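The values are calculated or read from the model by the stated rules, or taken from the named source; none is laboratory data. Computed from a predicted structure; not experimentally measured. Glycine also receives a Cβ, built like all others from the backbone with ideal geometry; neighbour counts cover every protein chain displayed.
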């Protein structure tokens, strides 16, 4: 069950999206009141679990009558009266009840409840944690009674941080929920610190013990990092960093799936102390064999998003002599991109403990690529008649550099210049992008990229590798007869409006972010996804899900058997319904 239940902060964000109180009290209006009860939902009230090996899920969820009274909850009522923000607060008694009196009538009152870290915050009429509740309306003199708000239990996790010899480690432990960018599952911060998947952090004690409380249900990764450098023997400068379940520093470990109210003990994080390795290096012009003066070195851990750059080494820091550089890295697997004037190089670098090593990076001239876009074998001059430009975009998968963007000319040709060595993903906007373009221009809505080749290399499947050694043309063939998948998303056999239908490609093609297509259901509960590349897919719909989570193998495997299979043919139309996966059955 994976869902992102609301925190107190996200509840207030949700409140800002609903209508505010619209009428102020006047002498002719009678004051209103609200009476209600706060209940706590326990394990006796819910039976929630992950899909089993057979794909079956217990669908029993919390009933409206479940729960027992909760004492000591804080109930907050907020609204706008005229030009003033009015806030009221009450605490529940032993019977779980609360009351607000002398309230101005109006629409748009917001009612939320918070308690201890044992429970998740809740809002009036909230069907499940993470889903929005509803505002309250009060008429003149209305006595609103029997208001019921349920608090769901939060999860707890505890354990120890230990080195491989069993000694405790003083560390900061972070609980991460991934966020998703294109086809990447991301745990680390980006360069500009704008996004992070960290939910919360705690510090271990002298025995290496840590404890998280108040966690929403979901799929988490846990990372322990030492609070300072450590001296081992006579050697200073050691650090500790390890994910739960990781076998080496470069691993992201294994996810931990938490249910509502679940308590997990002895989640011990094991790892090794690390010391930076000093690596002298030199960059060589492949054409002359001579060392060259560098302008930039970019370092990313292999398999991580380039925006989460591991190290940035400006020129003054790495110049030891006229042509040398010096790196200082922790153990791990890296991609090194080296730039000089008009040339570049890229190498994979595996750093193991503090073993001595040196590095020589061959550099080649920056690459220029010519290419052509055709539509089912015909020149793409038709693009010139459309107001939406067609662009070819190269996105680096190995270095945090700007995208290379060029517009396709009316005759279907294009050129991209000055490309450094590295691995790239090629987008052909608006036909081919990850995630796919949702607002496709009408003239292009049935089109998809059928093939993308550089010589004999299949760039669609394997990506584009630039090393300065080729002169082939990049050939893009756009199919004009993409398939259509349409249908309904059902809950209790009824069509559901305004939910996202998600089309996930079969396992063999899941590395291609452009094939994951989505569409929202309309006011009649119908959806339509156009421009689908031929092949096998599964159709899913979640009541509550982190955008892009369906591209994460660790997430989608939990629901593999809950998708509806669909085969798409070129020019064909498939009508298929899918059953909505409810929020309380999400992990």
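General observations
- Residue 518 fulfils the conditions (1) under 17 Å from the mean Cα position of the chain (by Cα); (2) surrounded by 21 or more Cβ atoms within 10 Å (Cβ to Cβ); (3) closer than 25 Å to residue 447 by Cα; (4) modelled with pLDDT of 90 or more except for a single criterion, (2).
- Pairs are defined by a Cβ separation below 8 Å, a sequence spacing of at least 6 or placement on different chains, a first member in the stretch 200-212 that is assigned by TED's automatic domain parsing to the domain that holds residue 268 and on the phi > 0 side of the Ramachandran plot, and a second member that is surrounded by 13 or more Cβ atoms within 10 Å (Cβ to Cβ) and in a strand (DSSP E or B); the pairs so defined are 208/160; 208/161; 208/162; 208/168; 208/171.
- Matching residues, the stretch 425-444, being in contact (Cβ under 8 Å) with a residue 40 or more places away in the chain, within 14 Å of residue 389 (Cα to Cα), out of contact with any helix residue (DSSP H, G or I) (no Cβ under 7 Å at 6 or more places or on another chain) and not in a strand (DSSP E or B): 440, 441, 443, 444
- Condition met for residue 468 (assigned to a loop (DSSP other than H, G, I, E, B) and buried (at least 16 other Cβ atoms within 10 Å of the Cβ)): yes
- Reported count of residues in the stretch 533-561, each being out of contact with any helix residue (DSSP H, G or I) (no Cβ under 9 Å at 6 or more places or on another chain), without any contact (Cβ under 8 Å) to a residue 60 or more places away in the chain and either more than 21 Å from residue 498 (Cα to Cα) or assigned to a strand (DSSP E or B) (or both), is 3.
- Some residue of the stretch 162-169 being in contact with a strand residue (DSSP E or B) (Cβ under 6 Å, 6 or more places away or on another chain), within 28 Å of residue 71 (Cα to Cα) and in a strand (DSSP E or B): no
- Residue that is within 26 Å of residue 571 (Cβ to Cβ) and in the same structural domain as residue 429 (by TED's automatic domain parsing), where the choices are 461, 507: 461
- Subset of the stretch 497-513 [within 18 Å of the chain's Cα centre (by Cα) and farther than 22 Å from residue 581 by Cβ]: 511, 512
- Flag if residue 106 is on the phi > 0 side of the Ramachandran plot and surrounded by 22 or more Cβ atoms within 10 Å (Cβ to Cβ): yes
- Residues (at pLDDT below 70, surrounded by fewer than 18 Cβ atoms within 10 Å (Cβ to Cβ) and assigned to a loop (DSSP other than H, G, I, E, B)) located in the stretch 183-234: 189, 190, 191, 192, 193, 194, 195, 196
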